[in-house]
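Participant: Quick one: the structure is below, questions incoming.
Laboratory data are not the source of any read-out in this text; all were calculated from the coordinates shown. Keep in mind it's a predicted model, so treat the numbers as computed, not measured. Backbone-built Cβ (ideal geometry, glycine too); neighbour counts: all protein chains shown.
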Amino acid sequence: MTQVSASQPLNFWKNPRSWLYSFWKFSRPHTIFGTSLSVFALYGIAFARAQPSEVAVVPLLVAWLACLCGNIYIVGLNQLEDVAIDRINKPHLPIAAGEFSIGVGRWIVGITGTAALLLAAFSGRWLMAVVGASLALGTAYSLPPVRLKRFPFWAAFCILAVRGAIINIGLYLHFSTIFQQKEVISPAVWALTFFVLIFSIAIAIFKDVPDTEGDKEYNIATLTLLLGKPAILQLARGLISLGYLGLIVAAILGLPGVNASFLAISHLFLLGLLWWRSRRVDLEDKSAIAKFYQFIWKLFFLEYLLFPLACFLS
């Protein structure tokens, strides 16, 4: 792993508030929000379909905690391997900034990875499949000698496989089992999975646009460096638009298990918002690019609120 020569790392016992804030940054909050929303959304969709007499709170919290621990393992491992690159692209991250030592980062990654697997192992085969597959792909993404993030196709594959397919299908089957439903994936979940797959590809290709300086220096062959920022913006916007149009058409054709009017109108509005916002991005301004990237994540988060709501309204 890359070594870091930093200022004095934070000590939890001497400054717990600063240490916890650094841990929050280490966990990459936008991914934590995304993971949390996906867990609760898939629970909500399974709940709406099953309509059980009781709310299964404990299984929901255990699944949430297992997925959060897995999330921290994946993003933490990536930071351990990218210290030099992060000093250029993301100098605010705790290891790159010297707030955490390499040793502390390893402990956090080791504990959260182990906790994720243990929680999943005692919660059923579907949750274990979700956590196990996610951690395996997250490890292959960052850790040498495989380090799939070096290759644009495989880097995108890791992200869309976890965010798009594994989490949606696996968590839905996990919660369906808890509600004693047949392990059959509903059309609504297939539609959501299609949308998130498309959206995950867009996130995967756009995430490197703000980081071209460090990626170029350390020979990380991203699509942004290969195609250029304008092409990546158009490609990401086109993919997200395809996802929105797909859900709108599905709603018009009568997607079972959802409120068609709510689904179509809400996504037509978001499609317009995407195009309005994307045309205002200054690709020469790193701050503006980063804000648009966060905007894309907000749209991603919003889907995990709107889609379960469409299911409850059906």
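Participant: Could you give the length gained by full extension between W13 and A161, i.e. 0.36 nm per residue of separation minus their alpha carbon distance, to one decimal place?
Facilitator: Stretched fully, the W13-A161 segment lengthens by 49.4 nm.
Participant: Sticking with this structure for a sec: List residues of the range 178-195, by number, whose backbone nitrogen lies under 13 Å from a label position 7 Å along Cα→C-beta of F312.
Facilitator: Within reach of a label on F312, which here means backbone N under 13 Å from a point 7 Å along Cα→Cβ, the range 178-195 contributes nothing.
Participant: Please give me the summed charge of the neighbours of A50: other residues whose Cβ is under 13 Å from its Cβ, Lys and Arg +1, Asp and Glu -1.
Facilitator: 0
Participant: Run the quick spin-label model on E54 and F295: label points 7 Å from Cα toward the beta carbon, then report their separation in nm to one decimal.
Facilitator: 4.7
Participant: Right, another one. Beta carbons within 10 angstrom, averaged per residue: use that to sort the peptides 102-109, 132-139, 10-17, highest first. All intermediate terms of the calculation are to be shown ahead of the outcome.
Facilitator: On the way: 102-109: 17.0, 132-139: 19.2, 10-17: 11.5.
Put in order of decreasing packing, that is 132-139, 102-109, 10-17.
Participant: Let me ask something else. For the chain, what's the relative contact order in percent, using C-alpha pairs closer than 8 Å and at least 6 residues apart?
Facilitator: Values: 432 pairs, mean separation 60.0, N = 314.
With pairs under 8 Å counted, the relative contact order is 19 percent.
Participant: HN-Hα J couplings of the range 232-239 from phi, Karplus 6.51/-1.76/1.60, θ = phi - 60°, integer Hz, Gly and Pro as x?
Facilitator: 5, 4, 5, 5, 4, 4, x, 5
Participant: Which whole-Hz ³J(HN,Hα) couplings does the range 106-115 yield from phi under the Karplus relation 6.51 cos²θ - 1.76 cosθ + 1.60, θ = phi - 60°, glycine and proline marked x?
Facilitator: Running phi through 6.51 cos²θ - 1.76 cosθ + 1.60 with θ = phi - 60° gives 5, 4, 4, 5, x, 5, 5, x, 5, 4 Hz.
Participant: Please check: in the Gaussian network model of the chain (C-alpha springs, under 10 Å), which one of E99, E183, E54 has the largest mean-square fluctuation.
Facilitator: E54
Participant: Which number do you get for Rg(Cα) / (2.2 N^0.38 Å) in the range 21-115?
Facilitator: 1.31
Participant: Longer than 31 Å from Cα to Cα, which of K229/K298; K149/K286; K182/K207; K25/K286; K149/K298; K149/K182 are they? Say none if no pair is. Display every interim value, and only then the final one.
Facilitator: On the way: K229/K298 21 Å; K149/K286 21 Å; K182/K207 38 Å; K25/K286 20 Å; K149/K298 24 Å; K149/K182 37 Å.
K182/K207; K149/K182, as the Cα separations exceed 31 Å there.
Participant: Where Lys and Arg each count +1 and Asp and Glu each count -1, what net charge lies around A310 among other residues with Cβ under 15 Å from its Cβ?
Facilitator: 0
Participant: Another question about this same structure. In whole Hz, with x marking every Gly and Pro, tabulate ³J(HN,Hα) for the range 72-80 from phi via Karplus 6.51 cos²θ - 1.76 cosθ + 1.60, θ = phi - 60°.
Facilitator: 5, 4, 5, 6, x, 4, 4, 5, 4
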